[in-house]
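The values are calculated or read from the model by the stated rules, or taken from the named source; none is laboratory data. Keep in mind it's a predicted model, so treat the numbers as computed, not measured. Cβ placement follows ideal geometry from the backbone for every residue including glycine, while neighbour counts extend to all protein chains displayed.
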Amino acid sequence: MTDSSRRLQGLAPIADAGARLLVLGSFPGAASLASQQYYGHPRNQFWSILSALWGIDLLLLPYACRVAALSQQGLALWDVYAACSREGSLDSAIEDAEANDVAGLVERLPALRAIAHNGAESARSMRVMRTLGLAVHRLPSTSPANASWSFERKRAAWHAVFVDAGIA
């Protein structure tokens, strides 16, 4: 870690009592932190995948409306890490990570059926999440760094998890 590294703070969860699926990323990238919006990098496919699954062009909506759509559809968002040190946006550069209190959030979501990890770094905590008594899934990352999966292949994998959680 170089001298230019600094301690970064993540985003608050987007979740309400009606959430049936919690998608956990690892930690927001630089574009997301700068905009204070989940999946803020223009090449991240998160919003495009949800648009394809729900038949709503979320990319045309202001962020506040996207967040409202998540709640209406029963989807909650957060990250496994609350804070970390990192240069750039790559998960591989995350150091000194501090975990979010996912168990505490799950306790406040009575309708929750499942947790899904968006990408490999998030999925490193699957063993811990399985202790919460819910179905736990690993999803392919929506990050532009995950170029080995086509959009359609990612969409199909996400669709299967959304169907299982009752939000497709």
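Worth a mention:
- Total residues in the stretch 40-57, condition in contact with a Gly (Cβ under 8 Å, 6 or more places away or on another chain) and within 20 Å of L22 (Cβ to Cβ): 2
- Meeting the requirement of 2 or more residues that are farther than 23 Å from I94 by Cα and not β-branched (V, I, T), the helices (runs of 4 or more DSSP H) wholly within the stretch 104-168 are 151-165.
- Residue that is nearest to P62 (Cα to Cα), among those in the stretch 25-51 that are out of contact with any Asp or Glu (no Cβ under 6 Å at 6 or more places or on another chain) and of a type in the set (A, V, I, L, M, F, W, C): W47
- Residues that are touching a residue at least 40 places away in the same chain (Cβ under 8 Å), part of a helix (DSSP H, G or I) and closer than 18 Å to D79 by Cβ within the stretch 16-49 comprise A30, A31, F46, I49, listed in sequence order.
- The set of residues in the stretch 94-110 that are farther than 24 Å from S143 by Cα, of a type outside the set (D, E, K, R) and touching a residue at least 40 places away in the same chain (Cβ under 8 Å) comprises L105, V106, L109, P110.
- Enumeration of residues in the stretch 70-93 that are among the hydrophobic types (A, V, I, L, M, F, W, C) and either modelled with pLDDT under 95 or farther than 21 Å from S141 by Cα (or both): L90, A93
- Y63 free of Cβ contacts under 8 Å to residues at least 40 places away in the same chain and surrounded by 21 or more Cβ atoms within 10 Å (Cβ to Cβ): no
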